[in-house]
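To keep things clear, I will list the structure first and then write my remarks on it.
The values are calculated or read from the model by the stated rules, or taken from the named source; none is laboratory data. In this text the structure is predicted, and so the values were computed from the model without any measurement. Quick reminder, even Gly has a Cβ in these numbers, built from the backbone with ideal geometry, and neighbours come from all protein chains shown.
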Amino acid sequence: MSITAPQRTSSRSLVLCACLAQVVVVLDTTIIAVALPDAQAELGFGDADRQWAITAYTLAFGSLLLVGGRISQVLGARRAFMLGVAGFGAVSLAGGFATSFGLLVAARVAQGVFAALMAPTNLSLMNTAFPGKDERAKAFAIFGAVAGAGAALGLVLGGALTQAGSWRWCFFVNVPLALVTVLLATRGLRGTSPARRGVVLEDAAGLLLGSSAVFCVVLGFSRAETLGWGHPLTVGLLSAGVLLGAGFLARERVAPAPLVPLSIVTDARRASSYLTIGLVGLAQMGSSLYLTFYLQRDLGYTPLRTGVAFLPMVGGLVVAAVVSTRVLVPRVGLAATFVTGAAVQAAGFAWIATRVDVTTTDAGPLVAPMVVAGIGLGLVMAPAMSSATHGIGPAHSSIASAFANTSQQLGASLGVAFLSTVAADAMTRTLTSGADELRASIASAVAAAGAEPGSAQAAAIRDQLVAQAARSAEISAYSTGLTVLALICAGVALAVVAVFAADRRHGGRGSRTDDLVEATA
């Protein structure tokens with residue numbers, strides 16, 4: 001099918017709008033992280049409250065994605081997109097002028113609300129606007145690269161804005177991005193995805209159960225990071241999330257007009273797409289957590305230099321996103337591409353684990369393994385985003401898009417909570433097991449220096465050796481966590497194989513190469 005010049009212009013505008021919106025959505029998951037110390041110093045909130053500046057956004061965003069998808073169905077993707085982008089820009093402006101911690105958190109919640117409207121809408125627009133194979137492959141290669149690189153870009157931009165100006169610019173930067181996106185969308189999205197007759201609360205029970213399940217799981221993961229996995233509140237929230245999720249699936253099975261037809265999530269292609277999108281969220285946030293602390297606390301990097309250190313991973317991701325959709329999927333199929341991408345991620349993170357070392361003085365040894373990890377992320381991100389909505393008509397494309405974004409949010413929340421716990425436990429075990437050896441080293445060093453046990457010189461020697469032991473234990477914990485992350489990636493590769501193998505055994509079409517190519521091409 002030939003494409004006329006006006007069609008090409010409209011398609012380019014749509015891709016640019018979708019990519020800008022995706023940058024804003026993913027960027028704001030991480031951009032505030034490196035600005036928090038400055039915001040805390042100015043607004044005067046405590047360490048215990050600090051996490052809510054991040055959690056408030058992810059909680060509102062993740063739990064309202066199904067609502068956003070449903071609103072997009074009723075309003076039409078174009079109207080919902082414009083509302084989401086304009087609202088996000090407005091509340092970001094308000095957040096930049098926050099004078100208290102309460103106003104800061106309120107702005108982050110509002111950002112999450114409008115992001116939940118934007119995220120399913122822009123992917124839905126991409127899905128309906130590019131039905132042709134060649135154009136779809138090009139468009140989703142770009143979109144997937146942007147979606148995957150956004151989180152790392154947030155670290156770079158957050159560091160640069162905080163260092164050059166103020167933490168407030170981590171909010172203000174969204175205003176020009178939103179304005180440009182709205183101006184482009186005014187003309188570029190004209191005539192796309194019209195509104196449908198219906199009401200937002202159709203299948204209200206399904207909407208409530210699904211949104212509540214995600215809310216409980218995301219909040220449970222957040223509480224696990226600070227309270228521990230065995231705390232009654234953590235256990236209660238996660239248990240409630242599982243029960244509500246089961247209730248949601250049961251409701252959708254019998255609902256006369258289900259919010260989410262179960263065929264969306266039971267299809268092998270889409271199920272594996274959601275799984276790998278969740279892995280990308282987990283791997284990106286988990287690795288960013290470890291590497292940010294390692295670079296800043298152990299290597300002494302500034303926020304800006306820390307962000308720049310992530311560019312090798314971003315570069316590998318962007319290149320691989322294009323190669324995966326344009327070369328790999330057409331040649332070897334979707335299943336093989338997903339498995340390869342997860343396996344490459346496993347290799348990259350395992351390699352990084354060996355390079356995180358107490359003797360290292362800069363990030364040079366991390367460059368090559370970070371490129372490999374980025375390649376693994378890019379191999380799965382673009383085709384997963386494309387196949388997550390492929391073959392779904394306009395009536396349900398927004399909901400399928402919402403599921404894709406929910407997968408990424410749940411993966412990111414789990415990555416932060418679980419891998420934080422892994423590192424904390426590993427550090428505690430290292431310090432506990434080495435306590436006797438540390439005491440002996442301190443006694444030996446004090447004796448060698450000829451210092452009295454209770455003297456200031458002895459105390460200085462003790463403090464120095466304790467600090468060295470703590471730093472060594474901390475870096476060892478990061479290495480342990482990255483090794484666990486590599487094992488998770490390898491496990492997802494095996495899970496994808498199992499999904500497609502089960503589909504083949506049951507006579508499904510999702511495992512045949514022609515269908516897999518069609519899913520992303």
- Query: Just one of 38, 49 is surrounded by fewer than 19 Cβ atoms within 10 Å (Cβ to Cβ), modelled with pLDDT under 85 and under 18 Å from residue 172 (Cα atoms); which is it?
  - Reply: 38
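Is it true that some residue in the stretch 72-91 is outside any helix (DSSP H, G or I), among the aliphatic types (A, V, I, L, M) and touching a residue at least 60 places away in the same chain (Cβ under 8 Å)?
The first filter runs over the stretch 72-91 and keeps only residues outside any helix (DSSP H, G or I), leaving 76.
Still in the list and also among the aliphatic types (A, V, I, L, M): none.
No; the residues of the stretch 72-91 include none that is outside any helix (DSSP H, G or I), among the aliphatic types (A, V, I, L, M) and touching a residue at least 60 places away in the same chain (Cβ under 8 Å).
Please work out which residue is modelled with the lowest pLDDT, limiting yourself to the stretch 209-234 and to residues that are among the aliphatic types (A, V, I, L, M) and surrounded by fewer than 18 Cβ atoms within 10 Å (Cβ to Cβ). Steps first, please.
First, the residues of the stretch 209-234 that are among the aliphatic types (A, V, I, L, M): 209, 213-214, 217-219, 224, 227, 233.
Okay, now just the ones that are also surrounded by fewer than 18 Cβ atoms within 10 Å (Cβ to Cβ), so 227, 233.
On the way: 227: 84, 233: 94.
Filtering the stretch 209-234 for residues that are among the aliphatic types (A, V, I, L, M) and surrounded by fewer than 18 Cβ atoms within 10 Å (Cβ to Cβ), the one modelled with the lowest pLDDT comes out as 227.
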- Answer with yes or no whether residue 476 is under 27 Å from residue 226 (Cα atoms) and surrounded by 13 or more Cβ atoms within 10 Å (Cβ to Cβ). yes
- Would the stretch 371-379 turn up any residue that is touching a Phe, Trp or Tyr at 6+ places or on another chain (Cβ under 7 Å), modelled with pLDDT under 85 and not assigned by TED's automatic domain parsing to the domain that holds residue 29? no
- Of the numbered conditions (1) at pLDDT 85 or above; (2) among the hydroxyl-bearing types (Ser, Thr, Tyr); (3) touching a Ser or Thr at 6+ places or on another chain (Cβ under 6 Å), residue 387 satisfies every one except a single condition; which is it? (1)
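Restricting the search to the stretch 92-130, which residues are among the aromatic types (Phe, Trp, Tyr) and assigned to a helix (DSSP H, G or I)? So that I can check it myself, show each step before the final result.
Taking the stretch 92-130 and keeping what is among the aromatic types (Phe, Trp, Tyr), we get 97, 101, 114, 130.
101, 114, listed by residue number.
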- Item | Lone qualifier among 294, 290 - being crowded, with 23+ Cβ neighbours inside 10 Å, in contact with a Gly (Cβ under 7 Å, 6 or more places away or on another chain), aromatic (Phe, Trp, Tyr) and at pLDDT below 90 | 290
- Of all residues in the stretch 63-104, which are of a type in the set (Gly, Ala, Ser) and at pLDDT 90 or above? 84, 86, 87, 89, 90, 92, 94, 95, 96, 98, 100, 102
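Of the residues 250, 335, 283, only one is touching a Phe, Trp or Tyr at 6+ places or on another chain (Cβ under 8 Å), assigned to a helix (DSSP H, G or I) and farther than 24 Å from residue 413 by Cα; which? Lay out the reasoning, then the answer.
On the way: 250 fails: touching a Phe, Trp or Tyr at 6+ places or on another chain (Cβ under 8 Å); 283 fails: farther than 24 Å from residue 413 by Cα.
Exactly one residue qualifies, and that residue is 335.
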- Task: Taking residue 304 as meeting all but one of (1) surrounded by fewer than 23 Cβ atoms within 10 Å (Cβ to Cβ); (2) modelled with pLDDT of 85 or more; (3) part of a helix (DSSP H, G or I), write down the number of the exception.
- Result: (2)
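Here is a yes/no grid of residues against (1) among the aromatic types (Phe, Trp, Tyr); (2) buried (at least 24 other Cβ atoms within 10 Å of the Cβ); (3) under 26 Å from residue 426 (Cβ atoms):
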position: 247; (1), (2), (3): no, no, no
position: 252; (1), (2), (3): no, no, no
position: 264; (1), (2), (3): no, no, no
position: 270; (1), (2), (3): no, yes, no
position: 277; (1), (2), (3): no, yes, no
position: 284; (1), (2), (3): no, yes, yes
position: 298; (1), (2), (3): no, no, yes
position: 308; (1), (2), (3): no, no, no
- Task: Could you pull out the residue among 70, 108 that is crowded, with 17+ Cβ neighbours inside 10 Å, under 23 Å from residue 384 (Cβ atoms), among the charged types (D, E, K, R) and within 24 Å of the chain's Cα centre (by Cα)?
- Result: 70
- Among what's in the stretch 452-473 and is of a type in the set (Gly, Ala, Ser) and either under 41 Å from the mean Cα position of the chain (by Cα) or at positive phi (or both), pick the residue that is surrounded by the fewest Cβ atoms within 10 Å (Cβ to Cβ). 467
- Task: Looking only at the stretch 429-451, decide whether some residue is within 30 Å of residue 277 (Cβ to Cβ) and either surrounded by fewer than 24 Cβ atoms within 10 Å (Cβ to Cβ) or at pLDDT 85 or above (or both).
- Result: no
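Are any residues in the stretch 161-179 crowded, with 21+ Cβ neighbours inside 10 Å and either under 16 Å from residue 13 (Cα atoms) or of a type in the set (Gly, Ala, Ser) (or both), and if so, which ones?
The answer is 178, and nothing else.
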- Residues being modelled with pLDDT of 75 or more and surrounded by fewer than 24 Cβ atoms within 10 Å (Cβ to Cβ): count how many of those fall in the stretch 118-140. 0
- One residue from 398, 387 being surrounded by 18 or more Cβ atoms within 10 Å (Cβ to Cβ), of a type in the set (S, T, N, Q), within 19 Å of residue 492 (Cα to Cα) and more than 16 Å from the chain's Cα centre (by Cα): 387
- Task: Please verify whether the stretch 263-276 includes one or more residues that are assigned by TED's automatic domain parsing to the domain that holds residue 407, assigned to a loop (DSSP other than H, G, I, E, B) and in contact (Cβ under 8 Å) with a residue 12 or more places away in the chain.
- Result: yes
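Residues being of a type in the set (Phe, Trp, Tyr) and either touching a Cys at 6+ places or on another chain (Cβ under 8 Å) or closer than 16 Å to residue 367 by Cβ (or both): count how many of those fall in the stretch 307-348.
At the first step, the residues of the stretch 307-348 found to be of a type in the set (Phe, Trp, Tyr) are 310, 338.
Among the residues that remain, those that are also either touching a Cys at 6+ places or on another chain (Cβ under 8 Å) or closer than 16 Å to residue 367 by Cβ (or both) are: 310.
Qualifying residue count, the stretch 307-348: 1.
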